[in-house]
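Each reported figure results from applying straightforward, stated rules to the coordinates on display, with no laboratory input. Values in this document were obtained by computation on a predicted structure and should not be read as measured data. Here the Cβ is made from the backbone with ideal geometry for all residues, glycine too, and neighbour counts use every protein chain on show.
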Amino acid sequence: MTTQPTAEDSHRRLVEQYTEMARLAGGLAHEIKNPLSTIRLNMQLLAEDLEDIQSPAGHRSLKRIGVMQRECQRLQDLLDDFLQFAKVRHLEPIPTDLNREINDILDFILPQARDANVEIVRYLDPELPSVMLDREAFRGALLNLILNAMQAMSGGGELVVRTLEVGGSVALYLIDTGCGMDERTASRMFDAFFSTKPGGSGLGLPTTAKIIESHGGRITVQSEIGRGTQFTVELPVPARLDQQGKEPA
Ligand SMILES: Nc1ncnc2c1ncn2[C@@H]1O[C@H](COP(=O)(O)OP(=O)(O)OP(=O)(O)O)[C@@H](O)[C@H]1O
Ligand SMILES: [Mg+2]
């Protein structure tokens, strides 16, 4: 008698395969990072030597080294983003006040927002129940969304951050008055390495989606070109937790 693999078996196998792929890709990224930093260091030394040579050829070489140094930096950033994306996270979710996390991160970003002429408006539901969050991972996800919103509002604008309890979930809305997205961008924004920005890694949103989904949540988007974008993050409220985020006695 043959037994059919259950959905759980296939899911487990998929997770194992993904974990192995992520481990291999992460290992490769690490291996590239080490020689890259040696190249950067040597380039720095070379540039210092050339600074002493006052000739047109010396000057030209110095400029070329500058180009190579910037490209090395770009590769380094890309590898860092990739490692962040591919990382197999072992989440340690704890009962968390989402409003507090949001306030912390918005306070942190405030000086940058002021410089960019972006006004941040908070409508945080004071009755919001606790959710289970791995705070470090979730902060990373939130920061990606906020940075994207700010980058979409290059001439300034408004970012509304709202929280609300909806049914059995907690919803977080990030609404910007930025450039919005055309259909092609909207359909590809969660693809790894898709970016419309010069120098963008295109790993911000896929990393964010992965973090939110691994919390049992989901992320959805509505966007209108020229008007702005709304990201909605929904997180489940665990039934076992009371309003204070404690287990019932
Ligand atoms: N709030 C937003 N408004 C308009 N477009 C957005 C917004 N958020 C994301 N996008 C679009 O989705 C694309 C992918 O975003 P993602 O964060 O994955 O990468 P990135 O921002 O381009 O690069 P990186 O995050 O590495 O800096 C962006 O290039 C941009 O076109
Ligand atoms: Mg981004």
### Task
Could you grab the relative contact order for the stretch 7-86? Cα pairs under 8 Å, six or more apart, rounded to a whole percent.
42 percent
## Note on the structure
Residues 190, 138 in order from fewest to most other beta-carbon atoms within 10 Å are 190, 138
#### Entry: Estimated dipole of the chain in Debye, rounded to 20 [Cβ of Lys and Arg +1, of Asp and Glu -1, Cα centre]
580 debye
#### Entry: Which of 57, 199, 211, positive extreme of dipole for the chain (C-beta unit charges)
57
### Task
Could you point to the residue in 82, 102, 44 farthest towards the positive end of the chain's charge dipole, with +1 and -1 charges on the Cβ of Lys/Arg and Asp/Glu respectively?
44
### Query
Build a GNM of the chain with springs between Cα atoms under 10 Å: which of 71, 165, 213 gets the top mean-square fluctuation?
71
